[in-house]
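The values are calculated or read from the model by the stated rules, or taken from the named source; none is laboratory data. Bear in mind that the values here come from a model prediction, so they are computed numbers and not experimental data. Virtual Cβ from ideal backbone geometry, glycine too; neighbours counted across all protein chains shown. Surface accessibility is based on the protein's heavy atoms, side chains included, excluding ligands, DNA and RNA. Shrake-Rupley method; radii C 1.70, N 1.55, O 1.52, S 1.80 Å.
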Amino acid sequence: MTPRSALERGVEQLAVALPPSACEQLLVYVALLVKWNRSYNLTAIREPLDMVSHHLLDSLAVLPHLPSLPANARLADAGSGAGLPGIPLAIARPGWQVTLIESSQKKAAFLRQAAMELHLANVGVHEGRVEGWQPGERFALVSSRAFAELGAFVAACRHLLGPGGIFAAMKGKRPQAEIQALPADVQCRKVIALRIPFLDAERHLVLCELKA
């Protein structure tokens with residue numbers, strides 16, 4: 001199976017609607033990951049085919065389960081690393097304004113280059129720690145993937161969330177202990193078990209909000 005066929009089949013299995021150019025952009029993104037990974041160690045996944053399942057489809061799988069957002073919604077991706085899930089989400093939903101937050105200078109340099117080469121006008125990069133950033137406008141959704149324990153993620157990012165906003169944390173196994181340890185003013189709305197095509201591993205999406 002080629003990366004292209006795996007991506008096309010995986011997107012079909014996920015039943016995610018993508019813009020016409022999205023698959024091509026996602027494959028270019030994989031090529032950029034492979035190229036930069038040689039020097040910058042962006043990800044432990046080395047093979048393009050594995051990147052499709054572990055990174056692209058893993059990120060796109062959250063789309064059907066996110067709350068209904070406006071076409072021009074603002075999203076922040078905390079501890080974005082190599083741009084996951086932020087870049088695949090920005091490609092899949094070009095109307096969303098996605099800010100990738102990354103403290104590593106090397107990784108932030110990759111994110112800026114990837115956004116430029118992929119012609120992602122809807123992507124911005126903030127280089128620095130998420131805790132210290134005060135954006136001019138807050139976000140409808142703040143995502144994370146392998147960023148931190150759930151309580152630490154909420155504590156670091158709560159100032160980024162706008163009224164009615166949602167935290168979306170991508171996890172492996174169901175983080176029941178982390179959910180139970182959330183502070184009293186944080187409500188876990190839903191925990192969704194995700195099935196990722198061509199990936200035999202547990203994945204969960206945890207959606208949380210701040211209580212009014």
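Which residues make up the longest stretch of the chain that has no trypsin sites (Lys or Arg not before Pro) in a DSSP loop with at most 16 other Cβ atoms within 10 Å? Intermediate values should be presented prior to the final figure.
Numbers: sites that count: Arg46, Arg129, Arg138, Lys173, Arg195, Lys211.
It runs 47-128.
Answer rounded, prolate or oblate for the range 58-160, using the Cα gyration tensor with square roots of eigenvalues a ≥ b ≥ c: rounded when a/c is under 1.5, else prolate when a/b is larger than b/c, else oblate. Let's see the in-between values first.
Details: a/c = 1.38, a/b = 1.06, b/c = 1.30.
Note, shape of the range 58-160 comes out rounded.
Tell me what the chain gives for mean residue ellipticity at 222 nm when only DSSP H runs of n ≥ 4 count, each as -39,500 (n - 2.57), the sum divided by the residue total, rounded to 500 deg cm²/dmol. Write down the numbers at each step before the final one.
Working: 7 runs with 68 residues, N = 212.
So the calculated ellipticity at 222 nm is -9500 deg cm²/dmol.
Based on the Cβ-Cβ distance of Ser104 and Ala71, what FRET efficiency does E = 1/(1 + (r/R0)^6) give at R0 = 35 Å, to the nearest 0.05? Don't jump to the answer; show the numbers that get you there.
Values: r = 31 Å, r/R0 = 0.90.
E between Ser104 and Ala71, to the nearest 0.05, is 0.65.
How large, in percent, is the carbon and sulfur part of the accessible surface of the range 64-139 at a probe radius of 1.4 Å? Before the final figure, lay out the partial values.
Numbers: 1540 of 3320 Å².
Ligands and nucleic acids excluded, carbon and sulfur give 47 percent.
Taking 7 Å steps out from each Cα toward its Cβ at Lys211 and Ala146 produces label points 3.4 nm apart.
Roughly how many Å² is the accessible area per residue of the range 82-161, as a whole number, for a 1.4 Å probe? Per-residue accessible area for the range 82-161 comes out at 40 Å². The residues of the range 171-212 have, on average, 63 Å² of accessible surface per residue, using a 1.4 Å probe with all protein chains present.
For the range 1-46 versus the range 86-135, the spacing of their alpha-carbon centroids is 17 Å.
Of all beta bridges DSSP finds with both residues in the range 79-212, what is the antiparallel percent, to the nearest 5? Please report the intermediate quantities before stating the final value.
On the way: 13 of 24 bridges.
Counting DSSP beta bridges with both partners in the range 79-212, the antiparallel share is about 55 percent.
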